[in-house]
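**Student:** Questions regarding the structure given below will be posed in turn.
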């Protein structure tokens, strides 16, 4: 089941806009100090760099992703998650004509 609400959070009201508007997110900080971002990726093929390890949770839509050191693409649909190591990069794509990929990125 997908996360539908994040309780007890502080949300940055200014959006982070990446890749010419193909990815837009808002930073979220929980009471315990943990950080997340909530966003959407429009149809595109993008490469992201990571600092901390990340877990991407699909809330709506879907995407395909390719992890470091792997040539295979995997699908992520609502309610599914995938993890990326820190200090690396990963590829993500949302096909043209598809619903945007709505996600929560869990850091750490």
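The values are calculated or read from the model by the stated rules, or taken from the named source; none is laboratory data. Please read these numbers as outputs of a predicted model, since none were measured by experiment. Glycine also receives a Cβ, built like all others from the backbone with ideal geometry; neighbour counts cover every protein chain displayed.
For (1) touching a strand residue (DSSP E or B) at 6+ places or on another chain (Cβ under 8 Å); (2) assigned to a strand (DSSP E or B); (3) surrounded by fewer than 14 Cβ atoms within 10 Å (Cβ to Cβ); (4) modelled with pLDDT of 95 or more, each residue gets a yes or a no:
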residue	(1), (2), (3), (4)
58	yes, yes, no, yes
65	yes, yes, no, yes
68	yes, no, yes, no
75	yes, yes, yes, yes
83	yes, yes, yes, yes
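**Student:** Can you find a residue in the range 1-22 that is surrounded by 17 or more Cβ atoms within 10 Å (Cβ to Cβ), in contact with a strand residue (DSSP E or B) (Cβ under 8 Å, 6 or more places away or on another chain) and in a strand (DSSP E or B)?
**Tutor:** No, because not a single residue in the range 1-22 is surrounded by 17 or more Cβ atoms within 10 Å (Cβ to Cβ), in contact with a strand residue (DSSP E or B) (Cβ under 8 Å, 6 or more places away or on another chain) and in a strand (DSSP E or B).
**Student:** Out of the range 47-56, which residues are surrounded by fewer than 17 Cβ atoms within 10 Å (Cβ to Cβ) and part of a strand (DSSP E or B)?
**Tutor:** Within the range 47-56, 47, 49, 55 meet the criteria.
**Student:** Restrict the check to the range 29-44 and report whether at least one residue is part of a strand (DSSP E or B), surrounded by 13 or more Cβ atoms within 10 Å (Cβ to Cβ) and without any contact (Cβ under 8 Å) to a residue 24 or more places away in the chain.
**Tutor:** Yes, the range 29-44 has at least one match.
**Student:** Here is a further query. Name the single residue that is surrounded by the fewest Cβ atoms within 10 Å (Cβ to Cβ) among those in the range 99-108 being in a loop (DSSP other than H, G, I, E, B) and at pLDDT 95 or above.
**Tutor:** Taking the range 99-108 first, the residues in a loop (DSSP other than H, G, I, E, B) are 99-100, 108.
Restricting the remaining residues to those that are at pLDDT 95 or above gives 99-100.
Values: 99: 14, 100: 19.
Among those residues, the one meeting the criterion is 99.
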